[in-house]
Amino acid sequence: MKYPIIYNKYSPPQIVWSAVEEKVLDDQFKLFQRRYRRSNRIPRKVEKKGIAEPKKPLKPEKPKFLDNYGFEQSYGGGSSFNSKWEIFFLIFFLLVFWVFILITLALITIWWLFKQIFVFPYFIYLHLRRKSDYSKNYKCYLKELQEYSIQYEEYLKKIQKADTANLLHNEFLRNERSAYADYKHERKKHFEQVNEQAFQWKYDEALREMFVKVTEPIISDFEVQKGLTENYFLKICRRYFDFMSLKIISDCKLGYYYPDITIRTDFGLYIDVEIDEPYVSQTKEIIHYFEPEQNDYSDSIRNEHFKENGWVVIRFTEKQVIQQPYSCCYEISLLISKLNGKEIPPNKIQDRLEEEKLWSKKVAYEMISINYRKTYLPNNLSEFF
C-alpha cells in the first residue's frame, strides 16, 4: 500500500434524460427557432438554356465559268528489223497507223466544231442564269444578315439581363447563407449553454440523491485537541479550496471516531482527511502500520466505519503534508472533481503528490531508532507553523 490511500465506493453518476425533459428541451428549441425567419422574396435564378442564339445565314458561292476541255495523247516507240518483209510490214503498219491518226483527228475536229457551234452557247446560258440566281441570293443574304444583327443585339441584351439577375440572386444567397450560418452558430451556442445548465442541474441532483444516506457528523461542543501538523494543514486547506463551495470542519465526530480534518462538499459528500505519522513522539507508540503477510492493517476498522456511513477517507503521511501540502490539496480536489465534473482552476497548484509506502511495524521500530520524524520536522515546530 502507498500513500495517498483513498477509500471511496462512489463513481460519477450516469445521467439519463427522461422523455419529459427531452420534450422541454425540444420546446425550447422551437421557441428559439422562431427568432430566425427566412424571407420568401428570393430572386429566381434565370436559366440561359432557354435563350437560343440565332443562326447566322450562309453566304452563297459565286459561280465559276466552266470551259475546261483537253485531251492527252500517247505515242509508242519502234524497233529495228532485218528482213525485207519485216520492213514491208513495218511500213504498212505505219501507213495504217497514220491513216488511223488522221481519221481520229478529223473526228475530233468535227466534234470540236460541233461543240463550239451547239454546246458552248448552252454553257454560256447556264453561266448567265447562275450569275442571276447568285445576285438574287446575295440580296436575300444581306437582308437576312441585317435581321441577324438585330436578333443578335437582342440576344446580348437578354444575356446581360440574365447575368445581372444571377448576380443579384447569388448575392442574396450569399447573404442568406451568412445569416443562416450566424443563426446556426448562435443556436448551437445557446443550446450548448442550455444543455450544460440542464446537465449540471441534473448531475447535481443525481449527486445529492447519491449522498442522501450519508451519516451527518456530530459537531463537538468542545475543541478537539489536535497536533500542530493538523492545524497547519487545516489552514492550507482553507487557503487552497477558496474556489470550491466546501465546508471545512475541524471539531466533529462520527460515532466514536474524531476525523483529523472533515471536508463537506456542496452535494453532500463528507471526506475524512487523515494525517498518519509512524509513531507518537512522546511515548514512541506505533499507531499506524500494515503487515502484508498477516493482512493486519491498524486502521482497517476505522476506515470501514467511515465507509459504511457513506464517507470517503483519504490518508496522507505527515511527511507529505509537511513537505508537499499543496500537492495533498490537489489530490483532494481531484477526488472531488471526478465526482462533480468541475475542472480545477489553472491558477491553483496542480503538482502530483509523490507516493510513499505504508510502513510495517519493523520499519516503524527502525524509524524510532533513528528518530525519523526529526528528519522532516523543523526544530521549532510552532515557529514553523
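The values are calculated or read from the model by the stated rules, or taken from the named source; none is laboratory data. This one's a predicted model, so the numbers in the text were calculated from it and none came from an experiment. Cβ coordinates were reconstructed from backbone atoms using ideal geometry, including for glycine residues, and neighbour counts include every protein chain displayed.
Taking the conditions exactly as written (in contact with a helix residue (DSSP H, G or I) (Cβ under 6 Å, 6 or more places away or on another chain), assigned to a helix (DSSP H, G or I) and at pLDDT below 90), does Ala179 satisfy them or not? Taking the combined requirement at face value, the residue does not satisfy it. Residues that are surrounded by 10 or more Cβ atoms within 10 Å (Cβ to Cβ) and aliphatic (A, V, I, L, M) were ranked within segment 207-232; the one that is modelled with the highest pLDDT is Ile218.
Here is a yes/no grid of residues against (1) part of a loop (DSSP other than H, G, I, E, B); (2) small (Gly, Ala, Ser); (3) in contact (Cβ under 8 Å) with a residue 40 or more places away in the chain:
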position: Ala206; (1), (2), (3): no, yes, yes
position: Thr215; (1), (2), (3): yes, no, yes
position: Asp221; (1), (2), (3): yes, no, no
position: Val224; (1), (2), (3): yes, no, no
position: Glu230; (1), (2), (3): no, no, yes
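Looking only at segment 146-172, residues that are farther than 11 Å from Pro54 by Cα and touching a residue at least 60 places away in the same chain (Cβ under 8 Å) come to 9 in all.
Scanning segment 131-149 for any residue that is in contact with a Phe, Trp or Tyr (Cβ under 6 Å, 6 or more places away or on another chain) and of a type outside the set (A, V, I, L, M, F, W, C) turns up nothing.
When Lys319, Lys307, Lys348 are screened for being basic (Lys, Arg), part of a loop (DSSP other than H, G, I, E, B) and either on the phi > 0 side of the Ramachandran plot or surrounded by 13 or more Cβ atoms within 10 Å (Cβ to Cβ) (or both), only Lys348 passes.
For segment 275-330, the tally of residues that are in contact with a helix residue (DSSP H, G or I) (Cβ under 7 Å, 6 or more places away or on another chain), among the aromatic types (Phe, Trp, Tyr) and more than 23 Å from Cys237 (Cα to Cα) stands at 2.
When segment 322-337 is limited to residues that are aliphatic (A, V, I, L, M) and within 22 Å of Ser11 (Cβ to Cβ), the one that is surrounded by the most Cβ atoms within 10 Å (Cβ to Cβ) turns out to be Ile332.
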